[in-house]
Every structure is written in C-alpha cells, then in structure tokens.
Amino acid sequence: MIVSSNENETDAGLGVITLEDEPQLKEPPLFQVVLLNDDFTPMEFVVYAIQKVFGYEHERATQIMLSVHTKGKGVCGIFPKEIAEMKCAEMNNLAQINEHPLLTEIEPMTD
Ligand code: TYC
C-alpha cells in the first residue's frame with residue numbers, strides 16, 4: 001500500500017490512498033473596534049474603560065480618548081471578528097452599567 005499526496009501517483013493497482021491537499025491556513029478577516037465621541041461621558045471614564053478593555057497604559061489610552069474627542073471617532077484596536085465583538089460588548093456594557101452614553105462599534109477592515 002502506498003500513501004500518496006499526489007493524485008497521479010499509482011502503485012500499479014495495489015491501492016493508493018490519496019491524501020487531500022494540505023488545507024491552506026487563511027488569515028481570519030479583521031475588524032476595527034471604533035470608539036465614538038459623545039458630549040457627556042467623562043474623559044477619565046473613557047480613559048479607564050480603554051485601559052481596562054484593551055490593556056493600554058494610561059498615557060496611550062489618554063491619547064486615544066483625546067483623538068476621539070477631537071475627531072469624533074477612533075480605532076481602539078484591530079482583531080478577528082469574535083474578539084472585536086467581545087471587546088466592543090465589554091466597552092458598551094461597562095459604559096451602560098456606569099450610566100454613560102459611551103458607544104463602541106465594529107467595522108470590517110477593507111484592506
Ligand atoms: N467628549 C467627552 C467630553 O468632553 C469625552 C469623550 C471622549 C467621550 C471620547 C467619548 O469616546 C469618547 N467629556
């Protein structure tokens with residue numbers, strides 16, 4: 001018995017097992033977690049939430065918050081879909097239980 005990865009290969013009728021081609025491992029599609037500005041959520045809360053959910057240092061979280069505050073929206077991170085959805089839900093839940101209108105959404109990357 002011959003085990004072959006080549007469909008054309010034969011062992012003269014003794015039986016050939018042809019293996020499927022190696023599955024090509026594709027990169028998962030990526031999604032941006034986008035933070036939206038609003039007029040009411042305190043800046044310090046936004047910084048706290050960004051640090052807690054995304055693990056940034058205080059200084060980096062402050063830069064992201066200020067960029068969202070001035071530009072209207074900003075990217076907090078880029079992840080595979082399930083992780084992006086989880087981070088987005090964590091941000092929105094944290095805002096909701098603290099009674100702030102802070103909103104985060106996800107957007108597919110359009111490379
Ligand atoms: N604009 C808010 C304020 O002036 C601060 C803020 C920043 C709110 C970023 C949301 O995603 C946000 N208090």
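Any read-out appearing in this document is the output of simple, stated calculations on the displayed coordinates, not a laboratory observation. Small disclaimer: the values here were computed from a predicted structure and weren't measured. All Cβ positions, even for glycine, are placed from backbone atoms using ideal geometry, and neighbour counts span all protein chains on display.
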Neighbour net charge for THR104 - beta-carbon separation under 12 angstrom, K R +1, D E -1
-3
GluC sites (Glu not before Pro) within region 12-111, DSSP loop, no more than 10 other Cβ atoms inside 10 Å:
GLU20, GLU57, GLU99
Environment charge at VAL34 (Cβ cut-off 9 Å; Lys +1, Arg +1, Asp -1, Glu -1):
-1
Are there any chymotrypsin sites (Phe, Trp or Tyr not before Pro) in region 29-103 that are in a DSSP loop and have at most 12 other Cβ atoms within 10 Å? List them by number.
PHE40
Å³ per residue enclosed by the Cα convex hull of region 25-108
82 Å³
In order over region 62-70: 3J(HN,Hα) from phi, Karplus 6.51/-1.76/1.60, θ = phi - 60°, whole Hz, x for each Gly or Pro, gives 5, 4, 4, 4, 5, 5, 5, 4, 8
